[in-house]
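Written below as structure tokens is the structure these notes are about.
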Amino acid sequence: MENAESLNADIKILEEKDLSDYVINCMPGVFFLQTEEGKYIRWNDNFERVSGYTKQEILGLNAFDFFDGDNKQLIADRIADAFTQGKSQVEATIVRKTGERVPYYFMGCGVIYNGQRCIIGAGVDITEKIKMEEIVHKSEKKYHSLFEQATDAIFICDFDGYFVDVNQSMCTIIGYTKEELLGMHASKIVEPENLQTNPIPYDRLHQGEHMLNKRKVICKDGTLLHFEVNIKRLDDNMIMAIARDITERKKMEEEKERATYLLNERVKELSTLYGISRMLQALHTNIDDTLLALASAMLNGWQFGNTAAARIVYNNVEYKTPNFGPGVANQSANFTTFGGVQGRVEVVYFDDKPAAFEGPFLKEERDLLNMLTEMLKVYIERKLVDKQREEVASDLMQRNKDLEQFAYIISHNLRAPVANIMGFTDVLNDDDIDSETQKTYINELNISVSKLDEVIRDLNTILQVRREVSEVKEQVSFGKTINNVQVSIKNMIAKEGVQIETDFVEVDEIITLKSYIHSIFYNLISNSIKYRRADVAPVISVTSRKSGNRVILEFEDNGLGIDLNTKGNQVFGLYKRFHTHAEGKGIGLYMTKTQIETLGGKISVDSKVGEGTRFTIELPV
């Protein structure tokens, strides 16, 4: 029984030994159990492979045999520590049987084994660790060299914003020493306004976001520099930034931007000049419409045209943009056309402009204004010459028409009475004619003479219109003129129940020939009464308004009207009548048109049969 129990115990011990051998042989490094004197009691297979010695050779070796030089004393000291302190660790280089030296890290503990003091320990090869440390050391050395030698400013901050390290370039650029910067908060060197509009994003940096932004940095001497800053997190507590001084680049960019801006302004100005030049060269446009369009178009050439207004004043008439009014700054240029007529071109700004833009106006805009003013002057003078040429041509055409009319009158209206007179005279010269017949012919002769005299007086009236143009012009009131006309024909007005409506609020006076205006008003109003409709009370409307440098008069009635489709080209002809029930010779409208054209104006007619007629008169101011 005892033998069986002893055998079982021996088997158990063997099993435990096999298990421990398995465990220590599975360890990645070396394992060993040695006495206080350095004799090895137990070790794993790795110990043999690493040392290069066999089991029998190891039994004959001492722990100190694996080390040389200073390492022997180092190992002796650490063995002593293991017994005095309970455990110890050391890095030392072992010498293999081949003489190869391999760095190892050892850790051991003092134990009592089989009644004697021993050390149980393990070691791992740290060759790769040392290589990595060397690489890291070289990297750190290289990093430090790059850190200090970099031309860009480099600094490291903690997440509270305080400088932990800065390189020499940063000190040189902003003028602080390293000692002054270390411990200083980064916000102390950033322009306050820049910091307010673009705070340092510590939260985003803490999340690992890599950022690139621009900063305005205040140097020690107060100089303001522009930096482009590349920021990233180093670890949980540190931020590294590389800051490049872009002040000169910023200046160049601003200069380029400014140059581009000014170039665009010049393009705007040239485009405006070209557009206005095309506008001023356009045919068949009147001065009023052109000057009004020019006032709006010219603002395209000003740098802040959207907050500006323009006005052109010529011959006391204003042509302006709808928003024109008092502004904070204005620019103007005067001109004088031949004949001494004054004019002015003016631009106003409603908002103050920054000094960076050379004040409210660019100096080139003064040149632009002067050029536009000169172009406008040339345009107006050309228009005036064209107008004079047209007036001369129109006058020649009118005179030609007059001659044709005179020829017609002479050939038709004079021919019959003259022929009658000649015939009656021949008869009266006959001595054989009796007294009764003679009396009859004399009566017919008087009728023919009267008709001849009437025609001659009509011709004289027409010629008188041309002569009266040299009369002195004066201030004429439309209101007073129509009152005078109403007084002169009050009986006719009362008899027919005529209602005359007037509106001269916009313009009531004009400098012109008073006799002509009275004649024009008289003829048109009396015609409206003569050619009224029998079934309705006559209503005559006379109004005035201003359009540029011209006055527009409109005479409108509810009378019989004229068939313009068949009679349109005869309305203003001499001796032309369209209704025979009323007295008339057909020279009233001819006289009216002649007088209006003599004043430099024109007249047009719009009429519908059975509805009424409207005469529109344009007179120069």
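Quick notes on this structure:
- When residues of the stretch 256-277 are limited to those that are charged (D, E, K, R) and over 18 Å from Lys363 (Cα atoms), the one most open to solvent (accessible area, probe 1.4 Å): Lys256
- Residues that are in contact with a helix residue (DSSP H, G or I) (Cβ under 6 Å, 6 or more places away or on another chain) and exposed (fewer than 14 other Cβ atoms within 10 Å of the Cβ), drawn from the stretch 193-239: Cys219
- Flag for Phe32 being within 25 Å of Glu133 (Cβ to Cβ), more than 60 Å from the chain's Cα centre (by Cα) and either modelled with pLDDT of 90 or more or open to solvent by 70 Å² or more (accessible area, probe 1.4 Å) (or both): no
- Consider the stretch 38-52 and keep the residues that are out of contact with any Pro (no Cβ under 9 Å at 6 or more places or on another chain) and in a helix (DSSP H, G or I). The one that is surrounded by the fewest Cβ atoms within 10 Å (Cβ to Cβ) is Arg49.
- Under the condition of being over 21 Å from Cys171 (Cβ atoms), in contact with a Leu (Cβ under 8 Å, 6 or more places away or on another chain) and not aliphatic (A, V, I, L, M), the residues counted in the stretch 186-242 number 2.
Condition check ((1) surrounded by fewer than 14 Cβ atoms within 10 Å (Cβ to Cβ); (2) aromatic (Phe, Trp, Tyr); (3) closer than 30 Å to Val551 by Cα) across all residues:
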{"residue": "Met279", "(1), (2), (3)": "no, no, yes"}
{"residue": "His284", "(1), (2), (3)": "yes, no, yes"}
{"residue": "Asp288", "(1), (2), (3)": "no, no, yes"}
{"residue": "Gln331", "(1), (2), (3)": "no, no, no"}
{"residue": "Phe338", "(1), (2), (3)": "yes, yes, yes"}
{"residue": "Val341", "(1), (2), (3)": "no, no, yes"}
{"residue": "Leu362", "(1), (2), (3)": "no, no, no"}
{"residue": "Asp367", "(1), (2), (3)": "yes, no, no"}
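- The residue list Val472, Val487, Val476, Val498 contains one member that is open to solvent by 70 Å² or more (accessible area, probe 1.4 Å), at pLDDT 80 or above and either of a type outside the set (D, E, K, R) or on the phi > 0 side of the Ramachandran plot (or both), which is Val487.
- Scanning the stretch 240-277 for residues that are in contact with a helix residue (DSSP H, G or I) (Cβ under 6 Å, 6 or more places away or on another chain) and free of Cβ contacts under 8 Å to residues at least 12 places away in the same chain yields no hits at all.
- Scanning the stretch 181-197 for residues that are free of Cβ contacts under 8 Å to residues at least 24 places away in the same chain and part of a helix (DSSP H, G or I) yields Lys188, Pro192, Glu193, Asn194, Leu195, Gln196, Thr197.
- For the stretch 264-380, the strands (runs of 3 or more DSSP E) that sit wholly inside it and include 3 or more residues that are hydroxyl-bearing (Ser, Thr, Tyr) are 329-337.
- Complete set of residues in the stretch 154-183 that are open to solvent by less than 40 Å² (accessible area, probe 1.4 Å), within 43 Å of the chain's Cα centre (by Cα) and farther than 17 Å from Asn230 by Cα: Ile174
- Condition broken by Arg466, with the remaining ones in (1) at pLDDT 80 or above; (2) open to solvent by 40 Å² or more (accessible area, probe 1.4 Å); (3) assigned to a helix (DSSP H, G or I) satisfied: (1)
The values are calculated or read from the model by the stated rules, or taken from the named source; none is laboratory data. All values derive from a computational prediction rather than experimental measurement. Glycine also receives a Cβ, built like all others from the backbone with ideal geometry; neighbour counts cover every protein chain displayed. We work out accessible area using only protein heavy atoms, side chains counted, and drop any ligands, DNA or RNA first. Shrake-Rupley method; radii C 1.70, N 1.55, O 1.52, S 1.80 Å.
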